[in-house]
1. Rounded to the nearest 0.05, what FRET efficiency do HIS186 and VAL508 give with R0 = 51 Å and r taken as the Cβ-Cβ distance? Could you check?
2. So if we plug the beta-carbon distance of LEU393 and ASP74 into 1/(1 + (r/R0)^6) with R0 = 35 Å, what FRET efficiency do we get, rounded to 0.05?
3. Using the basic label-point model (7 angstrom from Cα toward the beta carbon), what is the ALA297 to ASP430 distance in nanometres?
4. May I ask for the Rg/Rh ratio of region 44-88, computed from Cα atoms with Rh as the Kirkwood radius, given to two decimals?
5. Say a paramagnetic label sat at a point 7 Å from the Cα of ASP140, along Cα to Cβ; which residues of region 160-188 have their backbone N under 20 Å from it?
6. Given the DSSP H assignment, sum -39500 (n - 2.57) over each helix run of at least 4 residues in the chain and divide by its residue total; what's the result at 222 nm in deg cm²/dmol, nearest 500?
7. Can you give me the accessible area per residue for the chain, using a 1.4 Å probe, in Å²?
8. What angle, in degrees between 0 and 90 and rounded to the nearest 10, separates the Cα long axis of helix 187-202 from the longest principal axis of the Cα atoms of the chain?
Amino acid sequence: MSPADSGPWWRGAVIYQVYPRSFADGNGDGIGDVAGIRSRLGYLATLGVDAIWFSPWYPSPMADAGYDVADYRDIDPVFGTLVEVEALIAEAHAVGIRTIVDVVPNHCSDAHPWFRAALAGGPDAPERELFWFRPGRGPDGDQRPTDWVGEFGGPTWTRTTDPDGRPGDWYLHLFAPEQPDFNWDHPRVRAEFEDVLRFWFDRGVDGIRIDSAGLLVKDATLPEVTADRPHPFHDLDGVHEIYRDWRRIADAYPGERALIGEVWLPDRQRFAAYLRPDELHAAFNFDFLGCAWDAAALRESIDGTLHAHAPVGAPATWVLSNHDVTRHVTRYGRADTTFSFAAKREGIPTDLELGTRRARAAALLSLSLPGAAYVYQGEELGLWEVEDIPYELRQDPMWERSGRIDPGRDGCRVPLPWSGESPPFGFGPDGAQATPWLPQPADWKDRTADAQAGDDRSMLELYRAAIAVRRAEPALGDGPMAWLPAPDGVLAFRRDPGFACAVNLSTVAVPLPPHTGRLLASGPLDDDLLPPDTAVWLRTAPESA
């Protein structure tokens with residue numbers, strides 16, 4: 001029995017993130033779509049995942065890869081139709097896979113009907129109350145209302161032009177100018193998103209992933225960001241009322257519907273507040289994602305995560321990569337193995353062989369910790385960050401808005417390689433040779449799904465084996481863990497009944513913990529020694545033995 005079946009599914013599931021634009025192309029136009037996802041459901045079923053989380057697929061001008069939503073109740077034609085999505089949900093359920101859709105509540109697209117009406121109607125348009133329109137500072141109103149810095153860098157206000165051609169008010173956008181922020185103080189905004197949740201739950205989705213979950217509520221007095229007062233738009237207390245309302249909606253549906261938040265917060269107690277029993281079911285663990293490949297740091301992150309979740313009874317989540325961050329094969333091959341947006345730069349040296357070895361060990365670590373595990377598409381293939389995308393082909397607004405300092409997120413969004421010896425690596429249907437929307441490296445010929453299938457040494461077969469063991473082991477998924485004695489630089493813990501994991505992050509081989517058998521290793525073992533940057537799953541005697 002899968003650990004995800006021993007309690008609410010979201011407490012111990014393995015959840016696979018699909019970035020639709022880059023997963024698989026069903027119609028041969030070089031862009032991933034719903035038809036492509038449907039054609040690869042068998043691959044995901046064989047991988048053994050419990051659920052799929054789909055990044056946004058809504059109608060969008062694609063100023064931010066679909067996170068600028070024009071209509072929350074439809075599908076962008078580039079991806080397919082709502083009818084196809086409904087079929088995908090049903091087909092996934094038929095092979096035992098649950099579905100999670102991405103909802104973006106902080107902001108919409110400047111092509112959203114509400115925002116278009118707000119601009120077209122001028123200063124007195126009632127739709128302006130649904131956003132943050134404010135007059136500018138200075139005698140001519142030509143200065144921004146605040147000096148807030150956006151989540152992509154750069155200013156957070158853009159000035160409008162009134163219907164008569166004169167300069168008008170400014171509107172707030174914490175991300176790109178094409179992504180105006182909703183005013184969550186307005187009841188119409190709250191009612192709209194409650195209806196959006198019902199729309200997708202009515203179509204059978206099992207969960208909602210909430211983008212930028214901590215940003216919705218703003219301080220209406222618009223104070224500047226200073227160290228001596230609460231932040232004006234990060235993690236304001238009023239956001240919890242919104243999620244309590246959403247939880248009541250989710251709980252009204254059968255089948256254990258889940259709300260999963262994207263919550264970037266350094267304060268673990270503030271983070272855990274989102275997971276109280278009447279709010280979100282789970283949230284992404286970015287502390288673990290950004291942690292160094294260092295035993296002491298990882299142990300502190302694991303302990304801190306479990307300690308913060310325990311008082312609210314929520315499951316931990318373990319994430320190594322996603323569509324926003326540098327792929328961990330690349331990160332783990334660098335001198336600095338942490339991740340932060342502030343530190344992203346071009347040209348950082350990477351040892352991909354070392355990064356791959358560590359990524360294999362990290363997979364066994366993350367899949368054996370208590371709670372749910374997330375797999376970002378392509379990590380099961382051992383894909384690295386593509387860092388040489390030509391400037392003219394980059395599409396992520398983070399690249400331009402950072403003044404071309406941050407290389408952006410395109411490198412982790414490159415279309416997957418499925419088969420063949422050269423691009424497009426089977427990304428499209430048989431015989432299709434359309435150029436994928438981002439270029440694939442020729443070196444991925446050894447990383448295709450076909451090349452790895454059946455090769456016990458491959459990353460793909462390691463993930464398949466690990467997820468199969470996880471399903472079979474009653475100790476894994478949700479539940480307790482206990483640390484075992486271990487040398488410096490080594491993590492070792494047990495999960496009862498009868499399971500242990502050891503990860504060697506040191507530079508020397510170390511003895512294996514006491515065990516009665518070996519279940520799986522991320523790399524070759526040296527008799528009873530665990531080599532550096534290697535993890536092993538062990539069968540252990542019952543605790544009472």
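The values are calculated or read from the model by the stated rules, or taken from the named source; none is laboratory data. A quick note: this is a predicted structure, and the numbers were derived from the prediction, not measured. Backbone-built Cβ (ideal geometry, glycine too); neighbour counts: all protein chains shown. Keep in mind that these areas ignore ligands, DNA and RNA; they rest on the heavy atoms of the full protein, side chains included. Shrake-Rupley method; radii C 1.70, N 1.55, O 1.52, S 1.80 Å.
1. Calculated value: 0.25.
2. Once the sixth-power term is evaluated, E becomes 0.80.
3. Placing both labels 7 Å beyond Cα along the Cβ direction yields 4.8 nm.
4. The Rg/Rh ratio comes out at 1.05.
5. Under cut-off, by backbone N: 160-171.
6. Mean residue ellipticity, 222 nm, calculated: -7000 deg cm²/dmol.
7. For the chain, the solvent-accessible area averages 37 Å² per residue.
8. 40
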